[in-house]
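Engineer: One structure, as structure tokens, below. Some questions next.
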Amino acid sequence: MTERVAIVGIGTTGFRPITPDVSYRELIFEAARKAYTDAGIEPSEIDGFITAAEDFLEGYSIADEYCPDQIGAVLKPTHTVPGDFLQAMATGFMMVKTGAFRTVAVEAHSKASNMKNISELIGFAMDPIYNRPLRETPHAISALEMTRYLFETCTTPDQCAQVVSKNMGNAMHNPYAAFGAEIESGDVLNSEPVSLPLHRLDIAQHADGAVVVVLADEATARALTDVPIWVEGIGWCTDTPTLEMRDWGEAAYARLAADMAYRMAGITNPVAEIDFAEICDEYSYKELQHMEALRFCMPGEAAHLLETGVTAIDGELPINVSGGALGVGHLFEASGAHKILELVEQLRGEAGTRQIPDVAVGLAQTWRGVPTATGAVAILSNL
Amino acid sequence: MGYRKVAIVGAGITKFVRRAQETAKELAWQATKMALDSCELTLDDVDCVTLGTAPDAFDGVHMKGEYLADGAGAFRKPYMRHYVGGGTGIFSPIHGWFHVASGMADICLVVTEEKMSSCYPHPQGAFITIFDHTTEQPLKPTLIWIFALEMNRYMSTYGISKRDIALVSVKNKKNALDHPSAQLGGEITVDDVLNSEVLAWPVNRLDVSPASDGAAAIVLASERVARRLTDKPVWIDGVGFSLDTAYWATRDLCYPTYVENAARMAYDMAGITEPHKEIHVAEPYDPFDYKELHHMEGLMLCPKGEAARMTADGVTQRDGNLPTCPSGGALGVGNPIAATGLMKIIEIFLQLRGDAGKRQVPGKPRCGLAQAWGDLMQVGTVVVMRI
Amino acid sequence: MKLEDYELGGTPLRSSDIKKGNVLTTSWEPNLAYAWDDGVAIGRYLAELKNGRIIGRTCYKCNRIMIPPRMFCELCFRPSDEWVYCKDTGIVNTFSICHINWDASRRGPNEPPLIPAVIEIDGASKGMGILHMLSEVDPDDIKVGLKVKAVWKNPGERTGSITDILYFKPLRAPTKRAKATKKRAKATRKRK
């Protein structure tokens with residue numbers, strides 16, 4: 001077993017609300033070509049490939065058929081993880097750890113603009129016997145969770161709206177982001193009610209884009225790059241898929257995934273040892289709920305950290321400097337990939353005007369969205 | 001390379017049936033529970049869970065892996081789904097192998113499930129969406145086409161007759177009579193196959209495996225744990241997988257290069273140089289009868305174009321030199337896609353332990369192989385096991 | 001462990017169990033819709049089909065002419081180089097005579113079988129084929145290696161789709177060829 005695994009290359013197309021100019025193949029090729037050039041490696045030299053994709057998001061049955069060509073994986077050990085990019089990256093991490101694969105490329109993308117009824121699609125993930133006949137919109141499931149979260153933690157809708165204001169504002173400084181805007185929490189609360197307490201602007205909008213990452217073992221990483229970004233810890237977890245059994249107030253999947261990643265990285269005091277984080281804010285309240293699950297603060301304290309500027313770009317623990325899903329766009333299975341992209345750019349010192357000074361350890365966290373209770377956490381460092 | 005040794009220590013399986021009363025979750029639970037019981041473990045002992053299941057369109061659930069999580073015993077555990085179409089069932093133990101060989105888990109539960117009957121009126125209807133949405137789906141293709149096109153190419157390249165190929169169906173359906181999970185075991189003749197309804201020439205009804213509901217599960221353990229749990233661990237000594245281009249019509253369909261690549265990767269890892277001598281029992285994927293022959297060639301168990309002759313000579317019978325699909329395969333036991341692959345892994349597990357009952361091949365086999373195939377005639381997955 | 005020692009799960013049902021209501025089922029017809037971006041390569045491919053032409057794309061590095069066209073060579077992993085028109089003729093690589101529809105329903109007694117085929121397009125690199133249909137041919141006359149030609153929709157009816165080609169038919173009219181073969185066979189028999 002090799003001791004450490006590093007990210008040695010990354011490439012992206014950036015994220016846009018629509019991409020009518022390119023097919024999914026052409027979109028992914030751009031990200032892959034950039035990643036391999038960044039890593040200084042050709043795909044013929046890469047030992048394994050993984051794509052994160054779900055059939056119904058692609059509009060294919062057996063979507064993995066269509067993954068090899070545009071990532072250079074023809075006749076190579078290649079497979080698909082129907083899960084978030086971070087889960088696929090966890091598989092790549094394990095593959096490199098076995099020692100049987102020196103390098104593994106991991107791809108994720110979103111062509112959300114090609115899905116014409118996303119609400120019906122997400123509803124199709126609900127339990128076909130117990131839940132689907134009720135015909136709830138997927139946002140209603142989140143609204144149930146938000147209500148319970150606000151109740152248990154004494155957080156207010158206005159505090160959640162401030163997350164939107166912060167993240168869309170941060171996105172103004174991110175050239176990859178699709179939805180940068182200067183708005184105030186009042187704008188969020190005055191936007192159309194969707195399923196109260198959720199308003200339209202509490203909900204991240206979808207975007208298209210692709211990201212490819214190249215992982216390598218320690219020796220290969222040192223040979224390929226002067227700035228390997230190390231994967232110090234990675235964890236993933238699934239809570240119950242049964243809505244009726246859920247603990248609606250807290251995000252247990254995120255807590256357990258984080259605990260796994262912290263154990264691996266040897267982190268005992270997350271808030272002191274982590275410099276910045278990119279965490280799932282697909283709905284505004286999720287950023288606060290996830291901060292608590294990640295043990296950045298006690299339950300009920302996240303909103304206070306937000307209001308006192310701790311999570312702002314110049315705060316002590318900047319969160320979603322990229323703009324998060326609210327500012328960059330919700331990317332389905334590529335959600336985790338965009339977070340890893342931000343971590344790598346920050347840790348390499350390549351984040352331009354949004355660069356946080358002197359960062360060494362960053363955390364990325366994702367959730368697979370309604371109706372799942374599945375999430376993953378990765379901790380990267382440049383040390 | 002310093003990966004940890006990984007063993008299979010327990011297995012569970014349901015009956016394979018055309019339409020099961022159980023929901024997908026319940027089927028997954030039945031197989032999972034049996035697998036844990038077989039090695040006297042409980043869910044508390046399990047570190048990680050990995051799930052293999054094929055198209056979501058069968059069950060009619062988006063993100064099917066999430067839906068199946070509690071049935072697969074994943075509650076509050078690190079849980080992931082992996083996917084390579086029809087090759088998934090053999091990729092499942094490979095994905096589990098990543099978990100244990102890397103040191104991430106000491107005990108990893110590997111679960112596969114398929115409930116094809118949920119798709120109405122017939123699961124075949126779901127298969128139109130495996131074709132390219134722009135350049136192929138407008139032609140209204142069916143899955144049978146790709147098999148028919150490949151089978152015809154194979155037959156015309158090597159001069160093989162339908163009669164030669166039908167022997168595989170006869171053998172596997174007969175073998176399945178002895179498998180407790182079997183859906184379509186039976187004594188049939190070559191003429192029965194040739195006279196069965198033509199679906200898409202050269203494919204007849206009895207050349208094809210059935211659509212099935214079913215689940216299977218295994219428990220993988222690291223060496224230290226495995227030796228504590230059982231005195232007959234079966235080691236995963238080689239894993240291989242390979243995916244060819246999605247432009248399937250631009251490849252020569254007469255030979256599965258991707259299976260050869262996967263096999264070479266697994267053989268290298270297991271230190272196998274002469275597969276036809278070193279492999280004692282094989283479970284290649286046989287969703288259609290010609291596929292068993294095609295795959296034996298890709299696995300280098302015989303020269304190209306020679307598998308039909310080997311079959312005619314009885315080499316692949318249970319008492320032959322290279323028993324092939326002693327379980328009854330997908331043709332006989334049934335074909336709930338991902339679960340079929342794991343059924344084959346379980347068969348090799350039992351054969352190597354000498355626990356295969358009436359299906360036991362003679363000569364105390366010590367090394368076996370299971371293989372699956374899928375996507376657009378595109379992916380090969382191979383696992384080499386030893387006791 | 002032996003499988004025989006366990007009571008295996010999985011309770012088989014018959015269709016009649018559902019029809020008679022012995023078990024209950026919950027139905028759902030998903031209303032999913034997609035509008036896939038064709039992109040540069042397939043976009044041009046479809047536009048040219050509308051013009052009655054088949055276009056491919058070259059890679060100078062591996063010297064392939066690729067059908068369907070792609071903006072990158074998946075083997076060399078670099079952008080592809082040039083557009084090239086191919087012919088609308090080709091060679092049958094493999095084929096099937098199919099008696100069922102895409103949804104597994106049997107074709108009716110008056111419906112001729114479908115004949116899907118992989119057709120290697122002339123002008124593209126060897127082995128580069130596409131999936132399409134054969135027609136205007138007696139199934140018995142089809143062999144691997146048969147030369148075929150596209151039969152196009154009328155220009156006004158084309159929509160920029162693979163179905164702008166109705167089907168492929170033998171390059172030489174099959175009826176004539178078949179007639180000629182029959183004639184020759186008759187003549188031979190007579191001589192004997």
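The values are calculated or read from the model by the stated rules, or taken from the named source; none is laboratory data. None of these values were measured; they are calculated from a predicted model. All Cβ positions, even for glycine, are placed from backbone atoms using ideal geometry, and neighbour counts span all protein chains on display.
Engineer: Only one of B:309, B:353 is out of contact with any strand residue (DSSP E or B) (no Cβ under 6 Å at 6 or more places or on another chain), more than 14 Å from chain C (Cβ to nearest Cβ) and surrounded by fewer than 24 Cβ atoms within 10 Å (Cβ to Cβ); which? Even if it seems obvious, please write down each step before you answer.
Structural biologist: Values: B:353 fails: more than 14 Å from chain C (Cβ to nearest Cβ).
Result of the check over B:309, B:353: B:309.
Engineer: Sort out which residues of region B:7-49 are surrounded by 24 or more Cβ atoms within 10 Å (Cβ to Cβ) and more than 29 Å from residue B:176 (Cβ to Cβ), and write them in order of number.
Structural biologist: Correct list: B:48, B:49.
Engineer: Something else: Here are some residues: A:73, A:53. Which one is buried (at least 24 other Cβ atoms within 10 Å of the Cβ) and at the interface with another protein chain (Cβ under 7 Å from one of its Cβ atoms)?
Structural biologist: Numbers: A:53 fails: at the interface with another protein chain (Cβ under 7 Å from one of its Cβ atoms).
The match here is A:73.
Engineer: Can you spot a residue in region C:145-157 that is modelled with pLDDT of 95 or more, buried (at least 16 other Cβ atoms within 10 Å of the Cβ) and within 13 Å of chain B (Cβ to nearest Cβ)?
Structural biologist: Checked region C:145-157: at least one residue is modelled with pLDDT of 95 or more, buried (at least 16 other Cβ atoms within 10 Å of the Cβ) and within 13 Å of chain B (Cβ to nearest Cβ).
Engineer: Still on this structure, please answer the following. Considering only residues that are free of Cβ contacts under 8 Å to residues at least 12 places away in the same chain and surrounded by fewer than 18 Cβ atoms within 10 Å (Cβ to Cβ), look in region B:228-256 and name the one that is nearest to the other protein chains (Cβ to nearest Cβ).
Structural biologist: The extreme case among them is B:231.
Listed here are the residues, each with its yes/no results for (1) among the small types (Gly, Ala, Ser); (2) within 17 Å of residue A:54 (Cβ to Cβ); (3) touching a Pro at 6+ places or on another chain (Cβ under 8 Å).
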site	(1), (2), (3)
B:65	yes, yes, yes
B:75	no, no, no
B:79	no, yes, no
B:92	yes, no, no
B:108	no, no, no
B:117	yes, no, yes
B:143	no, no, no
B:152	no, no, yes
B:159	yes, no, no
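Engineer: Let me ask something else about it. For region B:138-176: of the residues being within 13 Å of another protein chain (Cβ to nearest Cβ) and small (Gly, Ala, Ser), which is nearest to residue C:103 (Cα to Cα)?
Structural biologist: In this case the residue turns out to be B:148.
Engineer: Those residues that are assigned to a loop (DSSP other than H, G, I, E, B) and buried (at least 23 other Cβ atoms within 10 Å of the Cβ), I need them from region A:148-172; list them, please.
Structural biologist: Within region A:148-172, the subset assigned to a loop (DSSP other than H, G, I, E, B) is A:154-156, A:172.
Correct list: A:155 only.
Engineer: Residues that are touching a Cys at 6+ places or on another chain (Cβ under 9 Å) and of a type in the set (Asp, Glu), at least 1 per element: which helices (runs of 4 or more DSSP H) completely within region A:229-318 meet that? Walk me through how you get there before you give the answer.
Structural biologist: Numbers: elements: A:252-265, A:270-273, A:284-293, A:302-307.
Output list reads A:252-265, A:284-293.
Engineer: Mind checking whether some residue in region C:94-105 is charged (D, E, K, R) and part of a strand (DSSP E or B)? Give the steps one after another, and end with the answer.
Structural biologist: Within region C:94-105, the subset charged (D, E, K, R) is C:103.
Going one step further and asking which of them are part of a strand (DSSP E or B), we end up with none.
No, the conditions are met nowhere in region C:94-105.
Engineer: Before we move on, is residue B:112 within 11 Å of chain C (Cβ to nearest Cβ), among the β-branched types (Val, Ile, Thr), buried (at least 23 other Cβ atoms within 10 Å of the Cβ) and in contact with a strand residue (DSSP E or B) (Cβ under 8 Å, 6 or more places away or on another chain)? Reasoning before the result, please.
Structural biologist: Values: within 11 Å of chain C (Cβ to nearest Cβ): no; among the β-branched types (Val, Ile, Thr): yes; buried (at least 23 other Cβ atoms within 10 Å of the Cβ): yes; in contact with a strand residue (DSSP E or B) (Cβ under 8 Å, 6 or more places away or on another chain): yes.
So residue B:112 fails the test.
Engineer: Then there is this: Do we find a residue being of a type in the set (Lys, Arg) and either assigned to a helix (DSSP H, G or I) or touching a Pro at 6+ places or on another chain (Cβ under 6 Å) (or both) anywhere in region A:10-22?
Structural biologist: Keep residues of region A:10-22 that are of a type in the set (Lys, Arg), which gives A:16.
Checking which are either assigned to a helix (DSSP H, G or I) or touching a Pro at 6+ places or on another chain (Cβ under 6 Å) (or both) leaves us with none.
Within region A:10-22 (the criterion being of a type in the set (Lys, Arg) and either assigned to a helix (DSSP H, G or I) or touching a Pro at 6+ places or on another chain (Cβ under 6 Å) (or both)), the answer is no, since none of the residues qualifies.
Engineer: Looking at A:175, A:133 in this structure, which one is without any contact (Cβ under 8 Å) to a residue 12 or more places away in the chain and not β-branched (Val, Ile, Thr)? Break it down into steps so the answer makes sense when it comes.
Structural biologist: Working: A:175 fails: without any contact (Cβ under 8 Å) to a residue 12 or more places away in the chain.
The conditions single out A:133.
Engineer: Using the structure shown, decide if residue A:226 is over 30 Å from residue A:48 (Cα atoms) and not in a strand (DSSP E or B). Before the answer, list the steps.
Structural biologist: Details: over 30 Å from residue A:48 (Cα atoms): no; not in a strand (DSSP E or B): yes.
Answer is no for this residue.
Engineer: Pairs needed: first member in region C:6-19, more than 7 Å from chain B (Cβ to nearest Cβ); second member anywhere, surrounded by 10 or more Cβ atoms within 10 Å (Cβ to Cβ) and assigned to a loop (DSSP other than H, G, I, E, B); C-beta distance under 7 Å; at least 6 residues apart or different chains.
Structural biologist: Every condition considered, the pairs that remain are C:17/C:23; C:18/C:25.
Engineer: For region A:109-130, enumerate the residues that are of a type in the set (D, E, K, R) and either in a helix (DSSP H, G or I) or in contact (Cβ under 8 Å) with a residue 60 or more places away in the chain (or both).
Structural biologist: First pass over region A:109-130, keeping only residues of a type in the set (D, E, K, R): A:111, A:116, A:120, A:127.
Passing the criteria: A:111, A:120, A:127.
Engineer: If we keep just the residues of region C:70-108 that are among the acidic types (Asp, Glu) and either within 23 Å of the chain's Cα centre (by Cα) or over 25 Å from residue A:23 (Cβ atoms) (or both), which is surrounded by the most Cβ atoms within 10 Å (Cβ to Cβ)? Step through it out loud before you land on a result.
Structural biologist: If we filter region C:70-108 for residues that are among the acidic types (Asp, Glu), which is where we start, we get C:74, C:81-82, C:88, C:103.
Among the residues that remain, those that are also either within 23 Å of the chain's Cα centre (by Cα) or over 25 Å from residue A:23 (Cβ atoms) (or both) are: C:74, C:88, C:103.
Details: C:74: 23, C:88: 19, C:103: 15.
Filtering region C:70-108 for residues that are among the acidic types (Asp, Glu) and either within 23 Å of the chain's Cα centre (by Cα) or over 25 Å from residue A:23 (Cβ atoms) (or both), the one surrounded by the most Cβ atoms within 10 Å (Cβ to Cβ) comes out as C:74.
Engineer: Here's another thing I want to ask about it. Looking at (1) without any contact (Cβ under 8 Å) to a residue 60 or more places away in the chain; (2) within 14 Å of chain C (Cβ to nearest Cβ); (3) out of contact with any helix residue (DSSP H, G or I) (no Cβ under 6 Å at 6 or more places or on another chain); (4) not acidic (Asp, Glu), which is the one condition that is false for residue B:78?
Structural biologist: So residue B:78 meets the others, but not (2).
Engineer: Report the residue count in region C:25-60 for those that are more than 30 Å from residue A:57 (Cα to Cα) and either away from chain A (no Cβ under 14 Å) or not in a strand (DSSP E or B) (or both). Walk me through it before giving the result.
Structural biologist: First pass over region C:25-60, keeping only residues more than 30 Å from residue A:57 (Cα to Cα): C:51-54, C:58-60.
With either away from chain A (no Cβ under 14 Å) or not in a strand (DSSP E or B) (or both) added as a condition, the list becomes C:51-54, C:58, C:60.
Number of matching residues: 6.
Engineer: Here is a further query. Tell me, yes or no, whether region A:347-363 has at least one residue that is outside the structural domain of residue A:108 (by TED's automatic domain parsing) and within 25 Å of residue A:145 (Cα to Cα).
Structural biologist: Initial filter on region A:347-363 (outside the structural domain of residue A:108 (by TED's automatic domain parsing)): A:347-363.
Applying the additional criterion that residues be within 25 Å of residue A:145 (Cα to Cα) yields A:363.
Yes, the conditions are met somewhere in region A:347-363.
Engineer: From the list B:30, B:21, which residue is free of Cβ contacts under 8 Å to residues at least 12 places away in the same chain and either within 22 Å of residue B:240 (Cα to Cα) or out of contact with any Asp or Glu (no Cβ under 6 Å at 6 or more places or on another chain) (or both)? First the steps, then the outcome.
Structural biologist: On the way: B:30 fails: free of Cβ contacts under 8 Å to residues at least 12 places away in the same chain.
Result: B:21 is the single residue among B:30, B:21 that is free of Cβ contacts under 8 Å to residues at least 12 places away in the same chain and either within 22 Å of residue B:240 (Cα to Cα) or out of contact with any Asp or Glu (no Cβ under 6 Å at 6 or more places or on another chain) (or both).
Engineer: Scanning region B:115-137 for residues that are of a type in the set (A, V, I, L, M, F, W, C) and more than 10 Å from chain C (Cβ to nearest Cβ), which turns out nearest to the chain's Cα centre (by Cα)? Break it down into steps so the answer makes sense when it comes.
Structural biologist: Initial filter on region B:115-137 (of a type in the set (A, V, I, L, M, F, W, C)): B:116, B:119, B:126-128, B:130-131.
Those still in the list that are more than 10 Å from chain C (Cβ to nearest Cβ) too: B:116, B:119, B:130.
On the way: B:116: 16, B:119: 21, B:130: 19 Å.
Ranking the qualifying residues of region B:115-137, first place goes to B:116.
Engineer: Can you tell me how many residues in region A:106-136 are polar (S, T, N, Q), surrounded by 14 or more Cβ atoms within 10 Å (Cβ to Cβ) and more than 9 Å from chain C (Cβ to nearest Cβ)? Step through it out loud before you land on a result.
Structural biologist: The initial filter retains those residues of region A:106-136 that are polar (S, T, N, Q), namely A:110, A:113-114, A:117, A:119, A:131.
Restricting the remaining residues to those that are surrounded by 14 or more Cβ atoms within 10 Å (Cβ to Cβ) gives A:110, A:113-114, A:117, A:131.
Filter once more, so that each one left must be more than 9 Å from chain C (Cβ to nearest Cβ): A:110, A:131.
Going through region A:106-136 one residue at a time, the tally reaches 2.
Engineer: Now a separate question. Of the conditions (1) in a helix (DSSP H, G or I); (2) crowded, with 24+ Cβ neighbours inside 10 Å; (3) hydrophobic (A, V, I, L, M, F, W, C); (4) not assigned by TED's automatic domain parsing to the domain that holds residue A:24, residue A:96 satisfies every one except a single condition; which number is it?
Structural biologist: (4)
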